[in-house]
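Data block below; observations after.
The values are calculated or read from the model by the stated rules, or taken from the named source; none is laboratory data. Note that the structure is a prediction, hence the values are computed from the model and not measured. As a convention, Cβ positions derive from the backbone with ideal geometry for all residues, glycine included, and neighbour counts pool all protein chains shown. Calculation scope for accessible area: heavy atoms of the full protein, side chains included, ligands and nucleic acids excluded. Shrake-Rupley method; radii C 1.70, N 1.55, O 1.52, S 1.80 Å.
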Amino acid sequence: MGYLVNNIRRRLNIYAGNTCLNIENRTEPVPVYSIRRNIPLSSVNNWSKKEIDVTRPKHHHQLAEDISPQQPFNTRLQAFKILVNSQLSDVVSCDYWSVFQKHLVESLCDPDAEIFKLSLTIHAKLLTLSYNIMREGFSSLIEGLRSHYSRKFHKFLPSFDRGLEFNNPVHHRIIKISHLILETTKLVPEHWVRMGEKAVEEIMNIFLAVISMHTFDSMNSKSVLYPFHVMATIDPKAKWCRIWLHCGFGRRVFMSQQSRVITLLRYVVEEISNYLPTKGEGKPTKPINFICKRSVRLSVFSHCVNILCCFATYKRGHSFFPLSCKIKNDPVTLSEMLCTLMNHLNGSKELNLLNFKIISDAMVALIQTKESPFLSLAEVFTVCLEPMKEVIDHPTEFSNHHIPWHTIDILEALSKNETGMMFLVEGKSNGEHKMISPWGKVHNTDIVPNFHPVNIIMDYTDILLRSRETSERALIPLLHVCTVFFKYYDLCSMSSKLSLIESSVIHFQYFQSQSKDIFHSKIEGSCVESEELKKSLINFLASVVSQPGGLLAVIQCGLNILDLVPLVFQNSFLLWESSEFRRLVSMFTVLQEVEDTMAIECTKPLSIVLCNLWTALEDEESFVRGIERNINTAIMHYMNVAHTFTCTLSGTKIFFSEYEGSEETLLENGYNPISPAELIMIEHSNDPWHKVALLTLQTVTRNLDAWLYVESKFNIEKRLVQVQLQNVTSPIFEKPSSGESDAKKNIIVDECSLLRHQILTKTHIISKLSQEAFSDFNTEILESFMSIQFPEQKTDVTGQVTYNLSGKSEFQRLLESSDEITNNTHWLICARKAFRSKQEDVIASSIVSLIKCVSQCNGELNTVFIWVNDTSILNHDICAEEMLGVKISVRYGVQIGLLEEELPNNHLLKELLQRTQTVLQIDKNSTLFRGFDWFISSVFLLCSGNLEECQTFLNNFVTLQVSLILWPSFAESRGVNHLCIVFSSLLEMVISENVPLASAALRATGIPWGVVCYSWLSQCFWTILKWNQVCEWLTLCILYPPDIIIYYCAALLHYLQPKILRAAVDEFTWDQLVHENFIGFSITDQMTFLDKLVKEHRTTVLPKLLRAVEIAQ
């Protein structure tokens, strides 16, 4: 198609010329033959005098008469030359314009080439003036073209038999006029707003009339090439139609011409239907001095296909169908016509290449438009994928000769349209929420329907990867399409697609291997070695790994993640500003084995992030020029990266892995920090980096394990206290002056001092010296800014937690009367009912009693711990981070009134940790911190520090199915691997269906909600919930099957959804995942939502969750 269009255009330019250029006056003398024609030279000489002003009204009449065809040739020629160089705006506005217009139209049919050229030039100049004059010129041009199709020129008109001959004067004029009309149609939309609806409607009406004149012309000759056919030859892709329909205003006015549009579409449908059986009539010849009939028919076919696809692009275009035509008795639908085109491509084994290109390009242009009503085109895409489906049904018959290139081209274009990809995946486009997908229900099933487009495309790509004769040209775009799929589709619902991932892993391993024999032992044949294909495989695997289910799948397929990590970071197209890349990094940090590799690979990328931040902070003219917004944007990008790493302990270790040297060297030299480890060591409050350092530490406090690691390694508490003590007008320990009544007036309260105070209070690590020093700092002036990480319960004067003592709740009475449970099922039903109807908070003693009752319902103990009572056997010590966690836990227990401050709680909790590690046979390295056991700390608080009750509680707890999920250390001792990945995958699947808006917002900002929730789960939600909320959560997990944890985390997102959607606009979504936003969260308020999730997902989620922890149902 390309060479045909180029040749036609080249010949048209050669023979038609550029009609828009002005023609200079000719100075040669009057030819001799004009004298023989008895031409009076007086008028010519009169017009040649310079002193005559032809723009005066008295000369308009004479000029209008001189261009008349009845005038002598030289007179007309000279008059046209003068008119070309005159002010045409004055001519159009004069009283004789109607005479000018009539003679100009007649001159377009003049047999003399010079007169015609001058007339066409005048029309071209009219089309470049104001929109009112443009309308007059366009009308004259249309009328001139129509005049050629009178009976006077009938025998000279172009026809399908002879084609278009450039040497034929009539053909030449028709081509040039049509060319100028088409060029004008591309310029007219620029003036639509100023022209008004009525003028635009008039222009469209006369244009539609001329291109549809073959349907009502009195000659009614089927062999004649009418304006529609000529314009189709000049513009095979119907660009005029796309330009006119692109604007909403133009589309509305154009489609309001109901009768003319229907006439046009009817002819388009009939022409397509009549042409397809011919299969292109062979290859068209190369145009030399004419355009042959094959080229004309092919161009008309292309023009019709593109017009049809233009109307299919918009919903209003669908309203003209079904359309009654001569080709069928029944009305023809738009979907039926598009399916006919697709079937033509699918069924023609010896298809003409030009036909293929025409239809394929038109369909690509159709789906690249965001406004495309994809839901109405479901049948078309089903037909488009039929060749792939046929290969899937008969994989042994596959060969490169049967590759559906048109389908691949369409899918590649579709992958660049987010709306189109969402339609293929979910069966709906933006703004179209359908309960039932045209492809069938996808989620919550282990086996996706075979006719779903996602399945067909992935299965076909899998066949290409495994084929002996693999076309790289076909494989690369298909891998790209599959890569885009994983942005919208959760792999947990696609367990049947492991074959494609396995094939990709094998090919990736082949590229990584040094010997091809390793590859051939696994798969027959191989694809062409190519860096481009390798990059496509890396991109595809990176997209898969960015999903929790995908990460689990590649691990199960035997991929060594350590081989993939360096290649992902080496690709230049991956940037920290990309939410997809940040999500991928978060998934990598879930695996502890990649810590060392990630620490090496992230060094340079993180330094680039800090360098970009340094560029914004050190710009001295930023505040003068008023571009502080650039600084905030740079800080936001950096904080998104910080949150990406600090949501897991492994990520925190990677993030702060490059700490070398002392802070004195850094500050003395005045260098900008090149790593986050250097950044948090900046202590000068006046340094612009100090605020960024405090914001970084604030993100760390949202993950307790991350804070324990950072505090143990960098001694942050002591540094912050020292900086806070220096942030005063005079020393705090000095007595205030006589004019000051309160020492708190010495404190400088600024943004950095508030951040430091929030960090210290959130972590509850202020030492005794610090408490004395800050005795005046915790005053009313800062209470509104404080955000306590572990909020206090309301206490009475004795310091004990207060509850409703007016009477015991139904839940508490049920637990007290359950000494001997005779009917396990009935008791659990009663307990769940009592819990749902509770009016008071669940207290710690209730959970201790509940675990005994539920363990009795489970029958015999599946696991019995043999506790070590001899403290001498506890020969191993705990690491420094765990000791710091012990202090935080005890301080929290004292604060909420569950522990007594006088007792040696630190020693007791440490001993409980040692006993537990011994029972679980966990090999603890005192120098390697893998996370604190926050569940043991929670049990210690529930039992008020009584070790015997703690041991009894744990003995009963391990009989529950939920124990391996709530207690990560217990799961580790039982060899349960990748529980975080399975948990995250199931949670992502649930929220994508039931909290779609918030889920999409989290994906757009790169937040892996499953990873974040599992981090909260492993820390018993201490960082975001109050203690009474933690007790509610534990009660819920004990009473219900393990999958309730998945639904509970989904309910958290459901509760937080309004705030997340508001924050997602500015990409500050991470700031919403804090304790303050969960204060009003209540299980009772979310029970209806939880019941809905249980009903919809239990049959899918629970078996997978139990299978992951290897527990029989």
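Enumerate the pairs (first residue in the range 494-514 and basic (Lys, Arg); second residue anywhere and modelled with pLDDT under 80 and in a helix (DSSP H, G or I)) with beta-carbon separation below 8 Å, excluding pairs fewer than 6 apart on the same chain, so at least 6 apart or on different chains.
Lys497/Leu491
Name the helices (runs of 4 or more DSSP H) wholly inside the range 996-1112 in which the number of residues that are of a type in the set (Asp, Glu) and more than 25 Å from the chain's Cα centre (by Cα) is 3 or more.
1083-1108
Of the residues that sit in the range 381-397 and are open to solvent by less than 40 Å² (accessible area, probe 1.4 Å) and β-branched (Val, Ile, Thr), which one is farthest from Leu345 (Cα to Cα)?
Val391
What are the pairs with Cβ atoms under 8 angstrom where one residue, in the range 62-76, is under 15 Å from Val105 (Cβ atoms) and the other, located anywhere, is assigned to a helix (DSSP H, G or I) and aromatic (Phe, Trp, Tyr)? Sequence gap at least six, or different chains.
Ala64/Phe100; Ile67/Phe80; Ile67/Phe100
Could you identify the single residue in Lys535, Lys497 that is at pLDDT 85 or above and either open to solvent by 50 Å² or more (accessible area, probe 1.4 Å) or under 20 Å from Leu414 (Cβ atoms) (or both)?
Of Lys535, Lys497, the one residue that is at pLDDT 85 or above and either open to solvent by 50 Å² or more (accessible area, probe 1.4 Å) or under 20 Å from Leu414 (Cβ atoms) (or both) is Lys535.
Pairs needed: first member in the range 1078-1094, within 15 Å of Thr1035 (Cα to Cα); second member anywhere, open to solvent by 30 Å² or more (accessible area, probe 1.4 Å) and of a type in the set (Lys, Arg); C-beta distance under 8 Å; at least 6 residues apart or different chains.
These pairs meet every condition: Thr1084/Arg836; Met1087/Arg836.
Residue under question is Lys357, and the condition is that it be modelled with pLDDT under 75, out of contact with any Phe, Trp or Tyr (no Cβ under 8 Å at 6 or more places or on another chain) and either more than 29 Å from Asp161 (Cβ to Cβ) or assigned to a helix (DSSP H, G or I) (or both); does it hold? Quick ask: steps written out before the conclusion?
Values: modelled with pLDDT under 75: no; out of contact with any Phe, Trp or Tyr (no Cβ under 8 Å at 6 or more places or on another chain): yes; either more than 29 Å from Asp161 (Cβ to Cβ) or assigned to a helix (DSSP H, G or I) (or both): yes.
Judged against the criteria, Lys357 is not a match.
Can you name the residue in the range 320-344 that is open to solvent by 50 Å² or more (accessible area, probe 1.4 Å) and hydroxyl-bearing (Ser, Thr, Tyr) and, of all such residues, is farthest from Leu411 (Cα to Cα)?
Residue satisfying both the conditions and the ranking: Ser324.
Specify which of the listed residues (Leu88, Leu118, Leu145, Leu129) is buried (at least 19 other Cβ atoms within 10 Å of the Cβ) and modelled with pLDDT under 90. It would help to see each step written out before you state the result.
Values: Leu118 fails: modelled with pLDDT under 90; Leu145 fails: modelled with pLDDT under 90; Leu129 fails: buried (at least 19 other Cβ atoms within 10 Å of the Cβ).
Matching residue, one of Leu88, Leu118, Leu145, Leu129: Leu88.
Can you name every one of the helices (runs of 4 or more DSSP H) wholly within the range 55-99 that holds 1 or more residues which are in contact with a His (Cβ under 9 Å, 6 or more places away or on another chain) and farther than 18 Å from Lys117 by Cβ?
Counting at least 1 such residues, we get 57-66, 88-93.
When you scan the range 899-918, do you find a residue that is buried (at least 18 other Cβ atoms within 10 Å of the Cβ) and not in a helix (DSSP H, G or I), even just one?
Scanning the range 899-918 turns up at least one residue that is buried (at least 18 other Cβ atoms within 10 Å of the Cβ) and not in a helix (DSSP H, G or I).
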